[in-house]
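Report on one structure; see the data block that follows.
The values are calculated or read from the model by the stated rules, or taken from the named source; none is laboratory data. Predicted, not measured: the structure shown is a model, and the values here were computed from it. With ideal geometry, Cβ positions are generated from the backbone for all residues, glycine too; neighbour counts draw on all protein chains shown.
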Amino acid sequence: MKKSKYKWFKWWHLENGDADDPIVFVITEEMIQELAEANWDRRLTDLEMHRVLYAFTESDEIINSRDNAMLDAICSAVENKDNEWVGIDEWFYKEKQKEEKNG
């Protein structure tokens, strides 16, 4: 598997830094449990948590929401309206230069 081009970006990736790692934060069981507690005043049972796992992989509505979120992020990155990414771009190039310098 291809290694991530920017080692400094590795914190965003999982431990091995492979290019195919998620580029958004991974949703953990604890994150789901905290959301359940905040909305239902209880933690999910093991069976409910198992259902949540399958809902993420089999529900067309959830899959479409995920795809729409990715498309929104791509559009935002590509369009760069009003140079909204200037701060992020500067940080990116600064970190990239550090990585190239340090090898």
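Quick notes on this structure:
- Taking every residue in region 78-103 that is at negative phi and pairing it with any residue that is outside any helix (DSSP H, G or I) and surrounded by 10 or more Cβ atoms within 10 Å (Cβ to Cβ), at least 6 positions away or on another chain, the pairs with Cβ-Cβ distances below 7 Å are 96/6; 99/6.
- Condition check for residue 57: modelled with pLDDT of 90 or more and on the phi < 0 side of the Ramachandran plot: no
- Listed conditions (1) at pLDDT 95 or above; (2) of a type in the set (Ser, Thr, Tyr); (3) under 23 Å from residue 97 (Cα atoms) are all met by residue 4, apart from (1).
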